[in-house]
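The values are calculated or read from the model by the stated rules, or taken from the named source; none is laboratory data. What you see is a predicted model, and the numbers here were worked out from it, not measured in a lab. Glycine gets a Cβ as well: all are built from the backbone with ideal geometry, and neighbour counts include every protein chain shown. All accessible areas refer to the heavy atoms of the entire protein, side chains included, with ligands and DNA or RNA removed. Shrake-Rupley method; radii C 1.70, N 1.55, O 1.52, S 1.80 Å.
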Amino acid sequence: MDLDVLFIGTAGSAPTARRSLPATIVRRGGDRLLFDCGEGTQRQLLRSIGLVELEEVFITHFHADHWLGLPGMLKTFSLRGRDRGLTVYGPPGLKALFKAMSVVIGKTTYPLELVELEPGQELQRDGYLVAPFAVQHRVTAYGYAIVEQERPGRFDEAKARELGVQPGPDYGRLQHGEAVGDVQPDQVVGPARPGRKVVLTGDTAPCDMTKVIAHGADLLVHEATFIHEDAERAAETSHSTALAAASLAAEAEVKMLALTHVSPRYSGGELRDEARGQFENTIVPRDFDSVEIPLPERGPAIHHREALRSNGQQPL
């Protein structure tokens with residue numbers, strides 16, 4: 001099952017010529033989950049993977065840079081005659097926000113469901129879950145963890161043959177935990193293999209909850225609005241420095257750290273260099289970059305540079 005993270009918008013509260021406002025797509029198999037929808041997100045989607053028929057959008061908090069792209073995108077879906085339902089999730093206050101926007105969005109051609117989540121309220125999906133967790137910001141704000149279920153252990157076909165089990169349905173029974181004659185599943189099936197975990201923090205100061213939730217994650221996407229010399233300003237605004245995010249990643253023993261929410265005052269390189277002094281496997285993705293996350297036994301996460309840059313074009 002393929003799993004990757006596509007960075008649609010990596011800027012902080014203001015866009016730049018090369019970075020759009022916050023938006024991230026997590027793709028697992030045929031599922032497409034959009035986390036935050038800053039102004040210009042639908043344009044960014046059109047420039048990358050197309051304006052896909054998203055089914056679920058997750059908002060981290062209600063500062064305008066994280067949701068202002070929703071009205072336009074929802075209207076475009078209606079203009080295209082969409083009839084497939086769409087669910088928007090977020091912290092308490094989501095319904096009030098949409099009530100205020102109703103005059104702009106108007107009536108949609110498709111069912112639009114709004115779900116206000118509580119921290120730890122797991123949403124079960126086919127083979128994985130999405131769980132919100134509280135982070136530390138100036139308003140109620142969530143991060144989201146995408147966690148795959150454990151996978152069955154490896155089946156030892158040679159051992160099964162040695163024990164007299166013939167290829168066919170009996171292999172499947174053993175893999176599903178059923179005994180076949182005197183042969184027990186644990187004789188031919190190895191220990192369960194872990195799934196993958198991706199954690200996105202949204203806007204937050206470094207906090208213990210993120211550290212706990214992100215422990216062992218294959219990818220932690222953490223904001224880094226400031227460098228360490230601006231740590232006082234970061235504390236005042238409940239944002240994070242690159243150094244603090246890297247320290248948290250090291251303590252949480254994550255495998256890769258991606259820094260986003262880049263302020264216009266930085267190019268990104270200074271954030272990366274500061275963080276790598278504390279946590280080497282740090283990237284600062286640009287818009288349209290992606291991180292591919294193979295199954296654990298197939299190797300580490302891979303940072304892919306966006307295609308527009310490789311073709312000599314410039315992203316928005």
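Along the axis of the charge dipole computed for the chain (Cβ charges of +1 for Lys and Arg, -1 for Asp and Glu, origin at the Cα centre), the listed residues 8, 199, 185 are led at the positive end by 8.
So for the stretch 57-123, Kirkwood radius off the Cα pairs, Stokes-Einstein at 25 °C and 0.890 mPa s: how many µm² s⁻¹? Don't skip to the end; give the middle numbers.
Details: Rh = 12.5 Å.
Translational diffusion coefficient: 196 µm²/s.
For the chain, the normalised intensity computed at q = 0.07, 0.08, 0.09, 0.16 Å⁻¹ comes to -0.31, -0.40, -0.50, -1.28 (log10 of I(q)/I(0), Debye sum over alpha carbons, equal scatterers, no solvent). Ligands, DNA and RNA aside, residue 8 has an accessible area near 0 Å² when probed at 1.4 Å. Taking the longest Cα principal axis of the chain as reference, the axis of helix 242-252 is set at about 20 degrees.
Charge tally around residue 16: other residues with Cβ under 12 Å, Lys/Arg +1 each, Asp/Glu -1 each, net +3. Given the chain, what count of lysine pairs have C-alpha atoms under 17 Å apart, with each pair 8 or more places apart or on different chains? Summing the qualifying lysine pairs gives 7. Rounded to the nearest 20, the Cβ-based charge dipole of the chain about its Cα centre (Lys and Arg +1, Asp and Glu -1) stands at 1120 debye.
So, with a 1.4 angstrom probe, what is the percent of accessible area on the stretch 90-194 that is carbon and sulfur?
Details: 3080 of 6070 Å².
Whole-percent figure for carbon plus sulfur exposure: 51.
The accessible area of residue 75, taken with all protein chains in place and a 1.4 Å probe, comes to roughly 80 Å². Between the helical axis of 70-79 and the longest alpha-carbon principal axis of the chain there is an angle of about 70 degrees.
Determine the per residue accessible area of the chain with all protein chains present and a 1.4 angstrom probe, expressed in square angstrom. Don't skip to the answer; put the middle values down first.
Details: 14230 Å² over 316 residues.
In whole numbers, the chain has 45 Å² accessible per residue.
When the helices of the chain are scored as -39500 (n - 2.57) per DSSP H run of n ≥ 4 and the total is divided over every residue, the value at 222 nm lands at -6500 deg cm²/dmol.
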